[in-house]
Structure formats: structure tokens, C-alpha cells
Amino acid sequence: MRYFFNLHECGHITFDDDGVNHDDIGSVRLSAIQAARDIMAAEVRVGQLCLSCHIEVFDVEGHQVLKLPFKEAIGVTGEATANSSWEICHARARFTVASITCCPNVSFILRDRRSRSS
């Protein structure tokens, strides 16, 4: 059966006029997941990610058979937190530390590499 994958992205709809043949709804879902992941990967490469976008899939009779929000196409692990502390010496920043924990066992410390001369 032929299915049509319409992309809803930030208020804009891109209609699939050609469609793709699939044997069952399971393979339709897998194709929608892969398409969403490909789009998100391209967005991340340019420093953006919109999780409110989605793909709606319709059969040849025009019935919606699937709505896949992008946020359901990926698994997000850990809790992204950012704790920043700033040392300011008499109205000038001398040292910056940002501690970012993105997974239970992974954290990053970012430091300003400027010299700390008196």
C-alpha cells in the first residue's frame, strides 16, 4: 500500500505528493522515525533542534494512519543541567566556570583560559 509522509515543521507543511510503498504499518512507523531522525540530525549539525515538529502519514484513501512527533523519534537520557558561577573582581570578569552535567556519569567543566594577572 502507498503512504504519504507530510512534514509539519515550525508552522510550515511540506506535502509528500509521491508517497512510498510499505507492506504494513510497522514499516511505515520505522520510515517515519528514520525520516524524523535524519531531519533532526541535519538541524543539529547547524546548531538547532525543533522537537515540536512532526510527521503525519496518510494512506491512499486520505486517512491519517500515524502522527509521529519528533520528540518520540529519539530517546533523551540524563538531565541536562547547567550551573554557572562567575567570579567578578571589581567590575571585570576574571574567571568563568560552567559545569554542565548531561548524563549520570558525564560532566564537563568549561574554564576561561585568560590569564589571571593582578
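Over segment 2-72, what is the mean sequence separation of C-alpha contacts under 8 Å (at least six apart), divided by residue count, expressed as relative contact order in percent?
On the way: 107 pairs, mean separation 25.5, N = 71.
Rounded, it is 36 percent for segment 2-72.
Return the distance in nm (one decimal) between the two label points of a simple spin-label model at Thr14 and Ser52, each offset 7 Å from Cα along Cα→Cβ.
1.9
Could you compute the net charge surrounding Ala35? Neighbours are other residues with a C-beta less than 14 Å from the C-beta of Ala35; K and R count +1, D and E count -1. Could you put the intermediate results ahead of the total?
Values: positive: Arg29, Arg37, Lys67; negative: Glu9, Asp16, Asp18, Asp38, Glu43, Glu56, Glu72.
Charge balance in the 14 Å sphere: -4.
Using the per-residue mean of other Cβ atoms lying within 10 Å as a proxy for protection, in what order, highest first, do the peptides 6-19, 45-58 fall? Walk me through the numbers before you get to the answer.
Numbers: 6-19: 11.7, 45-58: 14.6.
Those peptides, ordered most packed to least, come out 45-58, 6-19.
What does the charge count around Leu51 come to, taking other residues whose C-beta lies under 13 Å from its C-beta (Lys +1, Arg +1, Asp -1, Glu -1)?
Details: positive: Arg37, Lys71; negative: Glu9, Glu43, Glu72.
Counting the neighbours of Leu51, the net charge comes to -1.
Suppose R0 equals 22 Å; then what is the FRET efficiency for Arg45 and Asn6 from their Cβ-Cβ distance, rounded to the nearest 0.05?
The formula returns an efficiency of 0.40 here.
Find the Rg to Rh ratio for segment 2-72, where Rh is the Kirkwood radius over alpha-carbon pairs and Rg uses the same atoms. All intermediate terms of the calculation are to be shown ahead of the outcome.
Working: Rg = 12.0 Å, Rh = 12.4 Å.
We get a ratio of 0.97 for segment 2-72.
FYI, it's all coordinate maths here, none of it is from the lab. Keep in mind the model is a prediction, meaning the values are calculated, not measured. Counting neighbours? That spans all protein chains shown, and the Cβs are built from the backbone with ideal geometry, glycine included.
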